[in-house]
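Written below as structure tokens is the structure these notes are about.
The values are calculated or read from the model by the stated rules, or taken from the named source; none is laboratory data. Predicted model, so just to flag it, every value in this text is computed and none were measured. Reconstructed Cβ throughout: ideal geometry from the backbone, glycine too, with neighbour counts over all protein chains shown.
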Amino acid sequence: MNGSIHVENLADELLRAEQLRTPVEPLLQRFPDLTITQAYQIQMAAIDRRLQAGRRVVGKKIGLTSKAMQDALGVYEPDYGHLLDDMVVLNGQPIAADRMLQPRCEGEIAFLLKRDLTGPGVTIADVLAATEAVVPALEIIDSRIADWKIKLQDTVADNASSAFVVLGNTLTPPHGLDLRLTGMVMEKNGRVIATGAGAAVLGHPAAAVAWLANKLNEFDVYLRGGEVILSGSLAAASPLSAGDCFRAEFDRLGSVSVCFV
């Protein structure tokens, strides 16, 4: 705690904002002394509430992996959040748009781990060796902060602005793939809206997973075999509303799609 910053109260506030679909004013604007460490404490307090309610952690997500986003928020490294079992959506399964506040859709490469990854010193090669398969994914991000007026502390506290993840049906072993060159074409309502490649994510999507494994070592946490890790968006996020359908096609990895109702 720092001055008037109450970690538990702010965690409850963000959970209420999600449940009531009513955004809150930026945390950093109200609490200029809020540190990144405290922001992660707020995130974990909210996750603990969900776990006590019966949810399970099934993976992690990495955000702010592009230089453009880092520059926009004035930071020099990514952030991360937790994926819970009720956030995972099957390929093609619809999502009710009114369950979120101000959602956006991103195309990503997900890593399904077959064994634990523990930092420090985790490398791209370590990540690939520990990966059962890579999977095409759509991450639905959302912010409980009004008008997406976020700084790093705001999005970290808000579980890295996560909402849902849609996983494709095709699992592809990473061996022999150069994920830097894996291309993606994103369509919205049948029209191409974005293209990207794996190199957009810290130069290599596995570099983002390595960063996370090493970062978590600071908190005595590790990535577990069986977890799904979202490595970061290959292109800019697209706003969405009810009636929108998204499809992302990845070179050699297959496709993934979702519609909002």
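Some observations on this one:
- Among the conditions (1) modelled with pLDDT under 95; (2) surrounded by fewer than 17 Cβ atoms within 10 Å (Cβ to Cβ); (3) within 17 Å of LEU230 (Cβ to Cβ); (4) of a type outside the set (A, V, I, L, M), the only one that ASP79 does not satisfy is (2).
- Residue match in region 32-42 (condition: in contact (Cβ under 8 Å) with a residue 40 or more places away in the chain, aliphatic (A, V, I, L, M) and either touching a Cys at 6+ places or on another chain (Cβ under 8 Å) or surrounded by fewer than 16 Cβ atoms within 10 Å (Cβ to Cβ) (or both)): yes
- Unique residue being crowded, with 17+ Cβ neighbours inside 10 Å, farther than 17 Å from GLU77 by Cα and charged (D, E, K, R) when the list is ARG224, ARG247, ARG252: ARG247
- Cβ-Cβ distances below 8 Å connect the following pairs, each with a first residue in region 66-82 that is without any contact (Cβ under 8 Å) to a residue 12 or more places away in the chain, a second residue that is assigned to a loop (DSSP other than H, G, I, E, B) and not acidic (Asp, Glu), and a separation of six or more residues or different chains: GLN70/LEU64; GLN70/TYR76; GLN70/PRO78.
- In this structure, ALA129 qualifies as under 19 Å from GLY59 (Cα atoms), free of Cβ contacts under 8 Å to residues at least 24 places away in the same chain and more than 15 Å from the chain's Cα centre (by Cα).
- Residue, surrounded by the fewest Cβ atoms within 10 Å (Cβ to Cβ), within region 62-75, restricted to residues that are among the hydrophobic types (A, V, I, L, M, F, W, C) and at pLDDT below 95: ALA68
The rows are residues; the columns are (1) surrounded by fewer than 22 Cβ atoms within 10 Å (Cβ to Cβ); (2) assigned to a strand (DSSP E or B); (3) at pLDDT 95 or above.
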site	(1), (2), (3)
ILE109	no, yes, yes
LEU112	yes, yes, yes
ARG115	yes, no, yes
VAL122	no, no, yes
ALA125	yes, no, yes
LEU128	yes, no, yes
VAL134	no, yes, yes
LEU138	no, yes, yes
VAL156	no, no, yes
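- Where strands (runs of 3 or more DSSP E) fall wholly inside region 170-261, the ranges with 3 or more residues that are more than 23 Å from TYR80 (Cα to Cα) and not hydrophobic (A, V, I, L, M, F, W, C) are 183-188, 254-259.
- Each residue in region 81-133 was checked for being closer than 20 Å to ASN169 by Cβ and hydroxyl-bearing (Ser, Thr, Tyr), and 1 of them qualify.
- Condition check for GLY59: more than 17 Å from SER143 (Cβ to Cβ) and either within 16 Å of the chain's Cα centre (by Cα) or modelled with pLDDT under 95 (or both): yes
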